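Enquirer: To start, I am sharing the structure in question, which I have written as structure tokens.
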Amino acid sequence: ISNVVLMKLDTFNSQEISNIMWAYATVGHSSLPLFVALSHAAIQKINTFNSQEIANIMWAYASVGYSSPNLFDAISHRALEKINTFSSQEITNTMWAYASLGHSSPNL
């Protein structure tokens, strides 16, 4: 399935990217090449992500133990833009992920 995901990656929207990351992390499938490709796709579409998608991506990365500094920096900027739309659970998951991965984001 990951090969199909990689082939179709350019056609996915923010929800689809987030859902794929969440699903792979949930089942414990931690394909680094897949997560790297998904992070590049997410950065390209970062301005379309909502609070739930941001929280799910951060949770997925923390759950598999991968870091993506460029993605995390882009997400922190987007999260600040959308901060008033975050639920308490989304804030908690996002902050937990940053802390778990040791990624500093002073503005958050």
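Enquirer: Please list 103, 77 from largest to smallest accessible area, probe radius 1.4 Å, with all protein chains kept in place.
Expert: Details: 103 30, 77 110 Å².
My answer, sorted largest first, is 77, 103.
Enquirer: Computed over the Cα atoms, what is the radius of gyration of the range 65-108 divided by 2.2 N^0.38 Å, N being its residue count? Mind dumping the intermediate values first?
Expert: Details: Rg = 10.0 Å, N = 44, 2.2 N^0.38 = 9.3 Å.
That works out to 1.08 for the range 65-108.
Enquirer: What ranking of 16, 53, 81 comes out by heavy-atom accessible area, probe 1.4 Å, highest first?
Expert: Numbers: 16 75, 53 20, 81 120 Å².
Per-residue accessible area, sorted high to low, gives 81, 16, 53.
Enquirer: Under a plain spin-label model, where a point goes 7 Å from the Cα along Cα-to-Cβ, how far apart in nm are residue 92 and residue 40?
Expert: Each label point is offset 7 Å from its Cα along the Cβ direction, giving 3.6 nm.
Enquirer: Who wins for biggest fluctuation among 22, 96, 59 in a Gaussian network model of the chain, springs between alpha carbons below 10 Å?
Expert: 96
Enquirer: Might you tell me the accessible area per residue for the range 57-108, computed with a 1.4 Å probe and given in Å²?
Expert: Numbers: 2720 Å² over 52 residues.
Each residue of the range 57-108 exposes 52 Å² on average to a 1.4 Å probe.
Enquirer: Highest mean first, how do 32-38, 8-14 rank when packing is the count of other Cβ atoms within 10 Å averaged over residues? Write down the numbers at each step before the final one.
Expert: On the way: 32-38: 16.4, 8-14: 13.3.
My ranking of the peptides, most packed first, is 32-38, 8-14.
Enquirer: Carbon and sulfur atoms: what percent of the 1.4 Å accessible area of the chain do they account for?
Expert: Details: 3080 of 5790 Å².
About 53 percent, which is the carbon plus sulfur part of the accessible surface.
Enquirer: Let a ≥ b ≥ c be the square roots of the eigenvalues of the Cα gyration tensor of the range 10-104; is it rounded (a/c under 1.5), or, if not, prolate (a/b larger than b/c) or oblate? Display every interim value, and only then the final one.
Expert: Working: a/c = 1.45, a/b = 1.16, b/c = 1.25.
Rounded is the answer for the range 10-104, as its axis ratio a/c remains below 1.5.
The values are calculated or read from the model by the stated rules, or taken from the named source; none is laboratory data. All values reported here derive from a predicted model rather than from experimental measurement. No Cβ is skipped: glycine too gets one built from the backbone with ideal geometry, and neighbour counts run over all protein chains shown. Keep in mind that these areas ignore ligands, DNA and RNA; they rest on the heavy atoms of the full protein, side chains included. Shrake-Rupley method; radii C 1.70, N 1.55, O 1.52, S 1.80 Å.
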